[in-house]
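The values are calculated or read from the model by the stated rules, or taken from the named source; none is laboratory data. Computed from a predicted structure; not experimentally measured. In this analysis, Cβ positions are derived from the backbone assuming ideal geometry, glycine residues included, and neighbour counts consider all displayed protein chains.
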Amino acid sequence: MAEAALRAVDDAASADEKTSAPLLEESGPVTVKLSKPVTVLDERKEELTFREPTAWDLVQVGNPFNAGWDTKGFISISCDHQVLVNMLCRLGGASDNAPLPQGTFGKQMRAIDLERCRRSVQHFFV
């Protein structure tokens, strides 16, 4: 009986693997057009480009998104905006040693542009 139950679990897992969406294998950088330009290191930017994160980025900064289930059984994704800004600074910089300044996402960026940035990188994490 226990073997039959294990076999059923294995069969269900195989079926899930066949029907679930494939993971993005190659995403590449994403570019976000801003509704209001920001100044980054004395340069006016009308768009920001973010590279795909590495495992080291996740170790150093953490995952800005948390997926779980809500009380009705639907998937729920929440965002820690402080972690998100740290990750965006890292992904938008010239290198790990030269990230975007956090002020880029501070007083000069509109909230709608931060949300555009969030949506543009979310697929990298969830």
Residues (of a type outside the set (A, V, I, L, M), closer than 16 Å to Thr49 by Cα and assigned to a loop (DSSP other than H, G, I, E, B)) located in region 90-102: Gly93, Asp96, Pro99, Pro101
Selected residue (criterion: nearest to Val126 (Cα to Cα)) from residues of region 42-73 that are acidic (Asp, Glu) and in a strand (DSSP E or B): Glu47
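When you look at Arg110, is it among the charged types (D, E, K, R) and buried (at least 17 other Cβ atoms within 10 Å of the Cβ), yes or no?
On the way: among the charged types (D, E, K, R): yes; buried (at least 17 other Cβ atoms within 10 Å of the Cβ): no.
No: the conditions fail for Arg110.
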Search result, residues across region 40-69 that are over 18 Å from Ser95 (Cα atoms) and surrounded by 10 or more Cβ atoms within 10 Å (Cβ to Cβ): Glu46, Asn63, Pro64, Phe65, Asn66, Ala67
Count of region 106-124 residues which are without any contact (Cβ under 8 Å) to a residue 60 or more places away in the chain and outside any loop (DSSP other than H, G, I, E, B): 6
Near pairs, Cβ below 9 angstrom, 6+ apart or cross-chain, from region 52-78 (touching a residue at least 60 places away in the same chain (Cβ under 8 Å) and closer than 22 Å to Gly28 by Cβ) to any residue that is surrounded by 14 or more Cβ atoms within 10 Å (Cβ to Cβ) and among the acidic types (Asp, Glu): Asn63/Asp80; Pro64/Asp80; Phe65/Asp80
Selection from region 103-119 of residues that are under 20 Å from Thr54 (Cα atoms) and either among the hydrophobic types (A, V, I, L, M, F, W, C) or at pLDDT below 95 (or both): Cys117
Boolean, Leu24 is modelled with pLDDT of 90 or more, of a type outside the set (Asp, Glu) and surrounded by fewer than 17 Cβ atoms within 10 Å (Cβ to Cβ): no
